[in-house]
1. Amide H neighbours of residue 109 under 5 Å, counting only residues 5+ apart in sequence or on other chains, H built in-plane at 1.01 Å?
2. Under 19 Å from a label point 7 Å along Cα→Cβ of residue 181: give me every residue in the stretch 114-131 with its amide N that close.
3. Within the stretch 92-192, report the GluC sites (Glu not before Pro) that DSSP leaves as loop and that have at most 14 other Cβ atoms within 10 Å.
4. In the stretch 83-153, which trypsin sites (Lys or Arg not before Pro) are in a loop and have at most 14 other Cβ atoms within 10 Å, using DSSP for the loop call?
5. Roughly what would the spin-label model give for residue 161 and residue 201, points 7 Å off Cα along C-beta, in nm?
6. Would you mind putting 212-221, 183-192 in packing order, based on average other-beta-carbon counts within 10 Å, highest first?
7. Calculate one ³J(HN,Hα) per residue across the stretch 184-193 by plugging θ = phi - 60° into the Karplus curve 6.51 cos²θ - 1.76 cosθ + 1.60, and present them in order as whole Hz with x for glycine and proline.
8. Go ahead and run the numbers for FRET between residue 83 and residue 225, Cβ-Cβ distance against an R0 of 25 Å, rounding to 0.05.
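Read-outs: derived from the displayed coordinates by stated rules, not from any lab. Just so it is clear, the model here is predicted, and its values are computed rather than measured. Neighbour counts run over all protein chains shown; Cβ positions are idealised from the backbone, glycine included.
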Amino acid sequence: MSCLPAAFSVSSSSSLIVSNREKGSSIGGLKLRNPNSKEIWGNTLDFTDQRGFITNWSNKAPNLDPVYAQGAISFPKAQKWWEKSLQPNVIEIESAQELVEGLRNAGDRLVVLNFFSPGCGGCKALHPKICQLAESNPNTIFLTVNYEEHKPMCYALHVHVLPFFRFYRGADGNVCSFSCTNATIKKFKDALAKYGKERCSLAPAKGLEEKELVALASMDLISKDLEVREMAGAAKSTLFSKVELKEGNAMVAA
């Protein structure tokens, strides 16, 4: 009886092939019904090779190490509550300079400035109704300011309670300011009805007050050039608002 160092492999036809590791020659073959069956794990198999030698072979269980697979599962980004149901006329303000320019470029359209905070329960509860009112008043511009992201700007504008609203209209500038909740939403609706009526004015939009522009510029939230330009525009607006058109296009002091 001879014991030879041997290696084996299992083919797709369930045949166990034993070969001589030293010489690389095939020693013999063994047909198995199921080469992966646990019945043969750890048992000794005796069979005669092509030369008549009896060979002992102790098989081992196949390597069943776990296979780890990696994959990426993407989920759609969940919308934050203040991003839901927004209308085309609702614009989020990203900077103080954008706010100043937005108010000045609104012309004679009514502008509602909405200050909110993500952690404000009253702001969250009121949001769906504000969106509905924005949809029913497409000619009104709604500017939203995230208090948590723009605290210095809110301090300069003296916003200390949330939710807080400011209404701006053309040469009149800030026509009203107030805080309201779901329980006092009528205040908001009344302001929309009062200041949202269509009208025509030749005067440029006033925007923020002069002292507010100075405060924003002192915090470096707007450029000095923008401050001077806006203040000059506000002075012209005040002068222009003192005259009105009469019959025959004559300009007469009001």
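1. For residue 109, the qualifying residues are 170.
2. Answer for the stretch 114-131: 115-131.
3. 94, 148, 149
4. Values: sites: 84, 104, 109, 124, 129; in loops: 84, 109.
Of the trypsin sites (Lys or Arg not before Pro), the ones in loops of the stretch 83-153 whose Cβ has at most 14 other Cβ atoms within 10 Å are 84.
5. So the label points at residue 161 and residue 201 sit 2.6 nm apart.
6. Numbers: 212-221: 17.8, 183-192: 14.2.
Put in order of decreasing packing, that is 212-221, 183-192.
7. Working through the residues one at a time gives 10, 5, 4, 4, 5, 5, 5, 5, 4, 5 Hz.
8. 0.15
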